[in-house]
Amino acid sequence: MSLFNHCLHHETFAPSLSSRDIFRRFENRCWMFLSQGCCLHTEYIDNIETGGKSHCPHKTFGMCCLEQDVLLASFFFNRTDHTRNNAESLVATLAYQLYCAFPETDVQSTILSAIRTDPLIFKRTIQRQFTSLVVQPLAAYRSNSSSTQHRTPFLIMIDGLDECMDRASQKAILIGLAESMRGAASYLRIFIASRPEHDIRSSFGSKYLKDIHTLLALDLHDQDEADSDIKLYFLDRFAEIQEDFDGRTSGKKLGHSWPGERLVKMLVERSSGQFIYASTIIRYVESTRHRPDHRLEIVMNLRPHNDGDHPFAELDALYAMILEASSNIEKVLHVISLHWIDSNKICCHVIEKLLSYDEGELDTLFCDLGALVQVSHSNGNEYNLSHSQLYVHILHASLADFLLDAARSKQFYVDIGQETIRHIAHILQYFATCCSSSFDPNSIAATPLYVFANNAFMCHWRPISLELREAAFSFPLKEFLEPHTSTRIFPQLLEYFVSPFMELLNAIALKDSAWSYIRDHQYKILESILMHQLGRYFHDNGLALFLVLFYHLGSHQFVPILKPPDPSSDTYSTSFNVLFVYDDSDILSLSRIWGGLDVVDEESGVSIRQYFFHDHVRRLLRDSVSGPNAKYTLGPNIYEKAALACFKELGKVRPPSSSSDLTNIATDDTEGNTHPKLRYDNANGGQWLFEYSTEWKLDDEELYFVLLGYIIFLLPLCGKSDALVAACEKRKISYADISDGPFLIHRRLLHDEINNYLARVLPCSNV
C-alpha cells in the first residue's frame with residue numbers, strides 16, 4: 001500500500017478539484033503530497049501559487065474529513081511566526097491534538113508514559129518523537145480497543161512545509177515521518193501541502209519516499225477548465241461585493257450588471273489559470289472602506305492608486321519572497337526575460353548553449369522557484385513544442401507585471417529593453433558557431449533565429465552595448481550563408497536572419513556615425529553574395545520576370561504591389577507565387593516581400609516603411625549601371641525575357657467571358673483607374689496596389705487583368721527578339737477584332753503596344 005499520496009495544487013480549492021475529490025483519492029492511501037504550499041500529509045499537496053492562509057486547503061479539506069468521521073490533527077507552518085517557522089513544536093502540537101482526540105484511552109496513557117520515560121523526548125529526532133508520541137499511542141489504542149467507532153484511519157495534515165525556514169528540517173520531517181510510518185499504514189494517514197520547492201520535491205523522490213507516496217497535482221494544467229473555474233469565482237464574489245455595497249451605500253449603486261462581462265474576461269485572462277491572482281484582486285476590491293468600482297479601476301490601471309495602497313502589494317510580497325530564494329537571481333531574471341521576448345519558446349538545451357550556461361544549469365537555477373517557474377516537458381497543449389525537450393514555463397502571467405515595474409519589483413526589476421539587447425548579442429554569438437551546411441532553420445537548434453527576427457527592431461530605440469557592436473562586427477556572415485546559397489533554405493535565412501541583421505546594422509550606424517564601419521564591413525560581404533545570386537535571374541525567362549517586376553514594383557499602375565486581403569500578410573511582386581512558401585528557383589525571394597519596419601524620416605517627419613533586404617537589392621540593381629557590376633544592369637534583353645514569360649503565362653489563363661461583371665472596366669492613362677481592386681496609395685512616397693480577393697491566389701479574371709498590364713508595361717522596354725516578335729504576332733491575331741468583353745481598354749492598349757513594338761523592331765513591316 002502506498003504510504004504517501006503526493007498532490008500538486010494551487011492556493012485555493014477550485015471547483016475542478018474539490019476537497020471531496022481529494023478525500024476520495026486519499027481513502028486508500030497513507031501519504032499524499034498536495035503541491036500547494038499549505039499542507040503536509042502522508043500525501044504531499046504541492047501548491048504552485050500559495051496565497052494567504054485564509055484560503056488554504058486545510059479549511060475545506062479538514063471539514064470534509066470531519067464529515068466523514070475522520071479524526072484529524074494538523075500543523076500549519078508560517079515563515080513570519082517564529083513559533084511556527086521551524087520544526088521544534090511540530091510533533092508536540094500533533095501529539096497534543098491526538099491526546100485531546102482520544103480522552104481516557106490508551107492513547108493518553110501511552111503519550112504520558114513516553115514523556116515520563118524520556119523527559120527530553122521533545123529534543124529527540126523527528127522520527128523518534130513521532131514514533132513515541134503518535135505512532136505507538138495509536139497502535140496501542142487500536143490493538144487494545146474492541147470499539148469500531150474509530151477504526152477509520154487517523155489523519156495528520158501538515159500545511160506549508162515550504163515555510164519551514166530550515167531546509168534540512170524539511171527533509172528531516174519527511175524522512176522521519178516516513179520511517180516512523182513503516183507498518184502504520186492501516187491506521188494513519190499523512191497529508192502534506194506545500195509549494196513544489198526543490199528540497200521537498202527531491203525528498204519525495206528519495207528512496208525513503210519514492211514508492212510510498214501519491215502526488216496530486218492541483219496546478220490546473222487544463223487551461224480551459226481553470227479559466228472556467230476562475231470566471232465562476234469572479235462572478236460569485238463580484239455578485240457578493242455588489243450586493244453588500246449596494247445594501248449599505250447611500251450613494252450611487254453598482255447595479256447587477258457590474259463589473260460587466262468584458263472586464264471579467266480580461267481578469268480571467270490575466271489570471272493565467274492561477275487563483276492567487278484572482279483572490280488577490282477580490283481581497284483588494286472587497287474593502288468596505290472604498291467603492292468597489294473605484295478599487296477595480298485601480299486594478300485595471302484606469303485610476304491612480306494612493307501610495308501605500310497598491311492593489312497587488314500582497315502578491316508583490318509573495319513574488320519577492322519566492323525570488324529571494326534564488327541562488328543566482330541575475331541569471332534567473334535573464335532567462336525569464338528571454339522567455340518574454342521569445343514567442344517560439346526555445347528549449348532549455350538551446351538556452352543553455354545560447355547563454356553559455358552549463359548543461360542542466362537551468363534546472364538548478366529554477367529549483368527553488370517552482371512556485372513561479374517550472375522547467376518541464378511540454379504539456380501537449382502548446383503549439384510547435386517538442387515533447388522530448390524541457391522548456392521554461394512561467395506559471396503566472398502577472399509575474400511580468402511585477403518584474404517589469406521598477407516601483408513594484410525594486411531589486412528584481414527587469415529592464416526588458418536592455419535585456420533584449422543582451423539577448424540579440426548572445427544570439428549572434430551563438431549563430432557564429434553554426435557555420436555549417438548541416439544547419440537547418442527549421443530545427444530546434446535554430447529556434448533563436450526567430451527570436452532575433454522578431455526583436456532586432458528594438459535596437460532602433462535602445463542603447464547599443466559594446467558587446468552587441470563587437471558581435472555584429474565579428475559575425476562570420478560569409479561562412480554562415482555560403483553553405484546554403486544553393487539550397488531551398490537560403491530564402492528563409494534571408495528573411496529571418498539577413499533582413500533583421502541589416503536592420504540591426506543600420507540601427508548601429510544611425511546611433512553614432514563613428515560606428516558605421518560595422519555596417520559597411522558586413523554590407524560589403526553581403527553584396528558579394530547577393531550579386532553572385534542575382535546572376536541566376538538573367539538566364540531564365542521566369543526569373544527575369546521576377547527580377548523586372550520586383551525592380552519596378554509599385555512604381556506604375558501596370559506593375560502594382562499585389563496585396564492579399566489580410567493586412568498583416570506579406571505582399572508580392574508577381575502574380576505567380578502568392579502563397580506563403582519559398583520558391584525554390586527564386587533564391588533571393590524577389591516575388592514575396594515580407595514585412596518591413598515603419599521608420600520616421602528625420603527631415604520630413606513622415607513615417608516610411610523600410611524593407612531592409614529588398615530595398616538593398618533594388619539599390620544594388622540601380623547602382624549597377626557602371627563599374628564591376630555593370631553586367632547586372634536591367635537592359636532590353638532582360639525585359640525581352642520577362643515579356644516572353646508573361647506571354648507564356650497569359651496563354652495559360654482562360655480569358656473572362658463577355659458576361660463578366662468587369663466587362664466595362666477601363667483602365668488607361670487617359671480614362672484613369674476604374675478597377676475596384678487597383679488603387680494608388682500615397683504612403684511611402686506613393687505606390688500602386690492591387691488588392692486581390694482571396695488569400696491564396698488571384699482568380700482568373702484578376703490574373704488576366706494583371707498580366708495584360710505587365711505586357712503593356714514591358715513591351716516598350718524590350719529590344720528585338722525573334723521569339724518575342726513571334727509571340728506578338730500570335731497575340732496580335734487574337735486581338736484583331738476588339739469590340740466588346742472585359743478589360744476592353746486594357747486589351748486595346750496591349751494591341752497598340754504590340755503594333756508599336758513590331759513597328760519599332762521590324763521597320764519594313766506593314767504594321
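The values are calculated or read from the model by the stated rules, or taken from the named source; none is laboratory data. The shown structure was predicted, so the numbers you read here are calculated from the model rather than taken from an experiment. Every residue, glycine among them, receives a Cβ derived from its backbone with ideal geometry; neighbour counts consider all protein chains shown. The accessibility values were calculated without ligands, DNA or RNA, using every heavy atom of the protein model including side chains. Shrake-Rupley method; radii C 1.70, N 1.55, O 1.52, S 1.80 Å.
The set of residues from the stretch 257-284 being closer than 16 Å to L399 by Cα and among the β-branched types (V, I, T) comprises V268, I276, T280, I281.
Criterion applied to L703, L750, L715 was being open to solvent by 10 Å² or more (accessible area, probe 1.4 Å) and either at pLDDT 90 or above or at negative phi (or both), and the one residue passing it is L703.
Tally up the residues in the stretch 93-112 that are touching a Phe, Trp or Tyr at 6+ places or on another chain (Cβ under 7 Å) and either surrounded by fewer than 15 Cβ atoms within 10 Å (Cβ to Cβ) or not in a helix (DSSP H, G or I) (or both), please.
2
Any chance the stretch 541-550 includes a residue that's in contact with a helix residue (DSSP H, G or I) (Cβ under 8 Å, 6 or more places away or on another chain) and surrounded by fewer than 17 Cβ atoms within 10 Å (Cβ to Cβ)?
no
If the condition is being free of Cβ contacts under 8 Å to residues at least 60 places away in the same chain and over 18 Å from Q374 (Cα atoms), then the stretch 187-210 contributes Y187, S206, K207, Y208, K210.
Scanning the stretch 515-540 for residues that are open to solvent by 40 Å² or more (accessible area, probe 1.4 Å), of a type in the set (S, T, Y) and within 36 Å of the chain's Cα centre (by Cα) turns up just one, Y517. Residue check: H393 meets all listed conditions (1) of a type outside the set (F, W, Y); (2) more than 30 Å from F312 (Cβ to Cβ); (3) in contact with a strand residue (DSSP E or B) (Cβ under 7 Å, 6 or more places away or on another chain) but one, namely (2).
Screening the candidates G370, G417 for the property of being in contact (Cβ under 8 Å) with a residue 12 or more places away in the chain, under 21 Å from I464 (Cα atoms) and among the small types (G, A, S) yields one hit, G417. Of all the criteria given as (1) open to solvent by 50 Å² or more (accessible area, probe 1.4 Å); (2) modelled with pLDDT under 90, the one not satisfied by S147 is (1).
State whether the residues of the stretch 462-484 include one that is touching a Gly at 6+ places or on another chain (Cβ under 8 Å) and either free of Cβ contacts under 8 Å to residues at least 40 places away in the same chain or open to solvent by 20 Å² or more (accessible area, probe 1.4 Å) (or both). Within the stretch 462-484 (the criterion being touching a Gly at 6+ places or on another chain (Cβ under 8 Å) and either free of Cβ contacts under 8 Å to residues at least 40 places away in the same chain or open to solvent by 20 Å² or more (accessible area, probe 1.4 Å) (or both)), the answer is yes, since at least one residue qualifies. In this structure, is T694 over 44 Å from the mean Cα position of the chain (by Cα), β-branched (V, I, T), modelled with pLDDT under 85 and surrounded by fewer than 16 Cβ atoms within 10 Å (Cβ to Cβ)? It is false that T694 is over 44 Å from the mean Cα position of the chain (by Cα), β-branched (V, I, T), modelled with pLDDT under 85 and surrounded by fewer than 16 Cβ atoms within 10 Å (Cβ to Cβ).
In this structure, does I276 turn out to be within 17 Å of E297 (Cα to Cα) and either in contact (Cβ under 8 Å) with a residue 24 or more places away in the chain or open to solvent by 40 Å² or more (accessible area, probe 1.4 Å) (or both)?
No; evaluated as a whole, the condition is false for this residue.
Could you tell me whether the stretch 444-457 includes any residue that is surrounded by 19 or more Cβ atoms within 10 Å (Cβ to Cβ) and within 29 Å of D316 (Cβ to Cβ)? Scanning the stretch 444-457 turns up at least one residue that is surrounded by 19 or more Cβ atoms within 10 Å (Cβ to Cβ) and within 29 Å of D316 (Cβ to Cβ). Yes or no: E314 assigned to a loop (DSSP other than H, G, I, E, B) and over 22 Å from the mean Cα position of the chain (by Cα)? Spelling it out, it is not the case that E314 is assigned to a loop (DSSP other than H, G, I, E, B) and over 22 Å from the mean Cα position of the chain (by Cα).
Taking the numbered list (1) open to solvent by 20 Å² or more (accessible area, probe 1.4 Å); (2) on the phi > 0 side of the Ramachandran plot in turn, H290 passes all entries but (2). For the structure I just gave you, tell me whether D229 is under 21 Å from L395 (Cβ atoms), of a type outside the set (S, T, N, Q) and in contact (Cβ under 8 Å) with a residue 60 or more places away in the chain. Spelling it out, D229 is indeed under 21 Å from L395 (Cβ atoms), of a type outside the set (S, T, N, Q) and in contact (Cβ under 8 Å) with a residue 60 or more places away in the chain. For the stretch 293-311, a residue qualifies if it is open to solvent by 20 Å² or more (accessible area, probe 1.4 Å) and outside any helix (DSSP H, G or I), and the qualifying residues are N301, L302, R303, P304, H305, N306, D307, G308, D309, H310.
Modelled with pLDDT under 90, of a type in the set (S, T, N, Q) and assigned to a helix (DSSP H, G or I), is that true of S169? It is false that S169 is modelled with pLDDT under 90, of a type in the set (S, T, N, Q) and assigned to a helix (DSSP H, G or I).
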